[in-house]
Structure formats: C-alpha cells, structure tokens
1. From the residues in the stretch 93-152 that are free of Cβ contacts under 8 Å to residues at least 60 places away in the same chain and small (Gly, Ala, Ser), which one is farthest from Leu276 (Cα to Cα)?
2. List, please: which pairs have Cβ atoms under 7 Å, are six or more places apart or on different chains, and start with a residue in the stretch 290-314 that is under 20 Å from Phe361 (Cβ atoms) and end with one that is modelled with pLDDT of 95 or more and among the small types (Gly, Ala, Ser)?
3. Against the definition (open to solvent by less than 70 Å² (accessible area, probe 1.4 Å) and more than 22 Å from Tyr278 (Cα to Cα)), how does Met350 come out, yes or no?
4. Would you say Val286 is open to solvent by 40 Å² or more (accessible area, probe 1.4 Å), outside any helix (DSSP H, G or I) and aliphatic (A, V, I, L, M)?
5. Hey, can you tell me all the residues within the stretch 1-39 that are hydroxyl-bearing (Ser, Thr, Tyr) and open to solvent by less than 90 Å² (accessible area, probe 1.4 Å)?
6. Within the stretch 46-70, can you find the residues that are outside any helix (DSSP H, G or I) and surrounded by fewer than 24 Cβ atoms within 10 Å (Cβ to Cβ)?
7. Please count how many residues of the stretch 152-171 are of a type outside the set (A, V, I, L, M, F, W, C), in contact with a strand residue (DSSP E or B) (Cβ under 9 Å, 6 or more places away or on another chain) and either part of a loop (DSSP other than H, G, I, E, B) or within 18 Å of Val81 (Cβ to Cβ) (or both).
8. State the number of residues belonging to the stretch 187-237 that are under 21 Å from Ala161 (Cα atoms), among the hydrophobic types (A, V, I, L, M, F, W, C) and either in a loop (DSSP other than H, G, I, E, B) or open to solvent by 10 Å² or more (accessible area, probe 1.4 Å) (or both).
Amino acid sequence: MKIPFVSFLPLEHELDKNIRSAFERVYERSWYIEGVEDEGFEKAFADYCGTNYCVGCGNGLDALVLALKALGIGDGDEVLVPSNTYIATALAVTYVGAKLVFVEPDIRTFNIDPANIEKVITKRTKAIMPVHLYGQPCDMDKIMDIAHKYNLYIVEDCAQAHGATYASKDGTKKRIGSFGDASGFSFYPGKNLGALGDAGAVVTSNSELADKIRAYGNYGSDYKYHHIYKGNNSRLDEMQAAFLHEKLKKLDEVNENRRMIASRYLHEIKNDAVILPYVPEYAEPVWHIFGIRCSRRDELETFLNDAGIGTNKHYPIPIHLQKAYEDLGFSEGDYPIAEEISKTELSLPMYYGMKDTEIQFVIDKINEFR
C-alpha cells in the first residue's frame with residue numbers, strides 16, 4: 001500500500017465545483033486586487049477567529065512582518081520566539097531589524113514553555129511570539145499573564161493552527177488568533193485552510209493596528225498615491241480570497257476529520273519505542289502535523305518509507321544551528337530541547353480524507369517496528 005505524507009485530492013474533489021465557480025466569478029468581474037472577494041473573505045475569517053478585523057496579505061511570513069512593523073517593533077528591540085519552530089518566525093523578527101531571543105519549548109508539547117520566558121526578558125524586550133506548532137495551542141493564559149506583567153505585545157504565529165481552540169482558566173473557549181495584539185496566518189496550500197498558491201492574513205481586534213497593517217502591506221499607502229510609511233507590496237489577491245472563502249466553509253469539517261485520525265493514532269499506536277503527542281487539557285488541536293518522537297527516528301522513517309508510508313521531519317535542523325543564522329554565534333548544545341526534538345521528531349501522514357484502511361496500515365506498521 002502506498003500512503004503519501006499529504007494529499008490534497010480528497011478535498012479538491014469535493015470542492016471542485018465551488019472552486020471553479022469562484023474562479024469564474026472573479027474572472028468575469030475582471031477585478032483582481034482589493035475587491036469584493038477580499039472584503040468578503042476578510043470579514044468571514046475575522047468572524048471565524050473571533051476578532052474584529054482581518055487584513056489579507058501575500059503569505060504567512062509577510063503577515064508576521066506586517067504585524068511587527070505596525071506595532072512599531074524594530075532596531076534595538078528584542079522579540080522572544082520559541083527555539084523550536086519553522087524559520088519564518090525568526091525571519092520576521094530579523095526583517096524588522098529586531099533581535100531574536102530564543103526560548104526553549106516544553107518537550108511534551110513542542111511549544112514555547114512559559115516557565116522559560118521570564119528568564120530572558122530584559123528592558124529591551126517588546127514582544128512574545130508564541131507559535132501554535134503543528135496546530136497545538138500554546139498555554140495562552142500563562143503567556144498573556146507574563147505579557148501583561150511586563151507590558152509586552154503578543155504576536156501569535158498561527159500558521160499551522162487554523163481553527164484550534166484554547167480553554168482559558170476563566171472557563172471561556174476561544175479560537176487561536178484571538179489572544180494576541182495581532183496574529184499571523186499562512187494559507188500555504190498544505191495548511192488546514194490552504195489557498196491554491198501563497199497567501200496570508202493578520203487578524204486583530206484593534207482598528208488602528210488593522211489600518212496600519214493594511215497600509216504597510218499596500219506600499220505604506222493609506223489611499224492612492226499617498227504614502228505614510230515605507231511599506232511592502234503584500235496583498236491578498238481576489239482569486240485566492242475567493243478560493244479561501246469557499247474552503248473556509250469546510251474548515252471545521254476538515255479539522256474534525258484530522259482529529260478523528262489523530263485520535264486513532266493516539267489510542268491505537270502502542271509501541272514503547274514511540275513517544276506520542278501530549279495534549280494538555282486546555283488544548284483542542286487541529287493536527288496540521290501529527291509529530292511523534294523516537295530515539296531511532298531515522299530507522300523508523302526508513303522502515304515506514306520502505307513499507308510505502310510517506311513521512312516528514314519538522315524540523316531536522318533547529319534555527320540556531322542553521323547556516324542562515326550562523327552570525328548569531330550559537331553552537332550545538334545551546335538549546336538542547338529544540339535540538340532533541342529536531343533529532344527525534346517524525347511526522348506521520350495526516351490529511352483530510354485518509355481512508356480507514358490507510359490509517360490502520362500506518363498504525364499497524366508503527367506497532368510492528370522493533
């Protein structure tokens with residue numbers, strides 16, 4: 001049996017008529033940037049996230065950059081990011097000229113560990129960027145308490161967490177993206193809510209911040225040929241907005257399907273060589289990635305690949321050891337938890353529409369591994 005790591009085909013087949021209709025709608029209107037489709041999707045996505053505003057942009061990295069710029073973060077400022085994340089989180093901080101400060105994750109959740117945050121806060125710290133990695137919510141109550149204590153901004157990196165929810169200690173349940181001053185989303189095609197190309201968005205409930213973000217993404221312009229900032233060109237085009245609006249209607253169903261697959265993995269994989277994901281009681285993940293850990297990760301990966309099961313590694317080289325950031329002067333051993341995750345993490349097939357026989361085959365093969 002051949003099982004890919006990811007497949008878009010089941011969802012694409014179900015949405016075929018809707019997507020083609022969206023294309024025709026935009027094409028016939030002959031308006032491709034900042035039109036009714038963008039406006040409609042932004043409103044729908046803001047409502048979905050539980051925020052007042054959504055500003056579409058070119059991709060997830062741009063979303064984080066625009067959010068930091070709009071908050072006035074730049075030279076001389078420090079931004080706290082998890083040591084275990086995709087490089088885009090770090091690049092956003094670099095691009096605005098601020099200093100990266102890494103915070104080690106909780107080895108159980110792979111997310112930034114609130115217990116490690118206060119240790120690295122200085123007078124120059126301006127923001128915390130929690131990343132809801134793999135679609136698993138960070139412990140936002142504790143992170144928000146720290147942010148309020150030190151008067152810091154929160155910029156959530158929600159690139160993998162569309163629709164994930166967090167149960168606060170006060171009993172409320174909120175979607176990820178609604179906690180921060182601003183939150184960045186990626187709509188890269190492989191995401192739970194993916195465009196048919198690159199796309200992104202920032203959500204916020206601050207009207208002034210939303211206006212700044214929109215201006216920064218439109219060449220720094222608040223209206224045509226009037227430029228108040230040195231901005232970027234990063235806007236969500238009409239075609240992708242139309243596609244995303246159609247796919248947003250099915251997002252909850254997509255996420256529930258992923259939760260079903262994850263539940264089977266969690267309850268039916270029984271192999272002492274494998275460490276399964278840990279889900280805190282406050283979290284309702286959306287399982288963009290189902291990442292296990294194994295001390296013999298490479299052997300397990302070869303075993304599964306030889307059986308026809310696609311896998312991936314998120315991420316095999318931590319940011320502080322990447323050549324792109326060698327100027328920071330870090331060495332192996334500086335962030336041991338991130339390094340341990342990078343050496344042991346293996347991502348299993350996880351996508352909408354996986355067949356029961358495919359799920360069972362993955363489970364059986366992992367249980368066979370010795």
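1. Gly97
2. Phe290/Ala262; Phe290/Ser347; Gly291/Ser347; Cys294/Ala273; Thr311/Ser347; Asn312/Ser347
3. Working: open to solvent by less than 70 Å² (accessible area, probe 1.4 Å): yes; more than 22 Å from Tyr278 (Cα to Cα): no.
The answer is no for Met350.
4. Values: open to solvent by 40 Å² or more (accessible area, probe 1.4 Å): no; outside any helix (DSSP H, G or I): yes; aliphatic (A, V, I, L, M): yes.
The answer is no for Val286.
5. Keep residues of the stretch 1-39 that are hydroxyl-bearing (Ser, Thr, Tyr), which gives 7, 21, 27, 30, 32.
Those that are hydroxyl-bearing (Ser, Thr, Tyr) and open to solvent by less than 90 Å² (accessible area, probe 1.4 Å): Ser7, Ser21, Ser30.
6. Just the residues of the stretch 46-70 that are outside any helix (DSSP H, G or I), to begin with: 50-59.
Correct list: Gly50, Thr51, Asn52, Tyr53, Gly58, Asn59.
7. Just the residues of the stretch 152-171 that are of a type outside the set (A, V, I, L, M, F, W, C), to begin with: 153, 156-157, 160, 162-163, 165-166, 168-171.
Those left that are additionally in contact with a strand residue (DSSP E or B) (Cβ under 9 Å, 6 or more places away or on another chain): 153, 156-157, 160, 162-163, 165-166, 168.
From what is left, the residues that are either part of a loop (DSSP other than H, G, I, E, B) or within 18 Å of Val81 (Cβ to Cβ) (or both) are 153, 156-157, 160, 162-163, 168.
Number of matching residues: 7.
8. Adding up the residues that qualify gives 6.
The values are calculated or read from the model by the stated rules, or taken from the named source; none is laboratory data. Worth saying up front: this structure is predicted, and the values here are computed from it rather than measured. Every residue, glycine among them, receives a Cβ derived from its backbone with ideal geometry; neighbour counts consider all protein chains shown. With ligands, DNA and RNA removed, areas are computed over all heavy atoms of the protein, side chains included. Shrake-Rupley method; radii C 1.70, N 1.55, O 1.52, S 1.80 Å.
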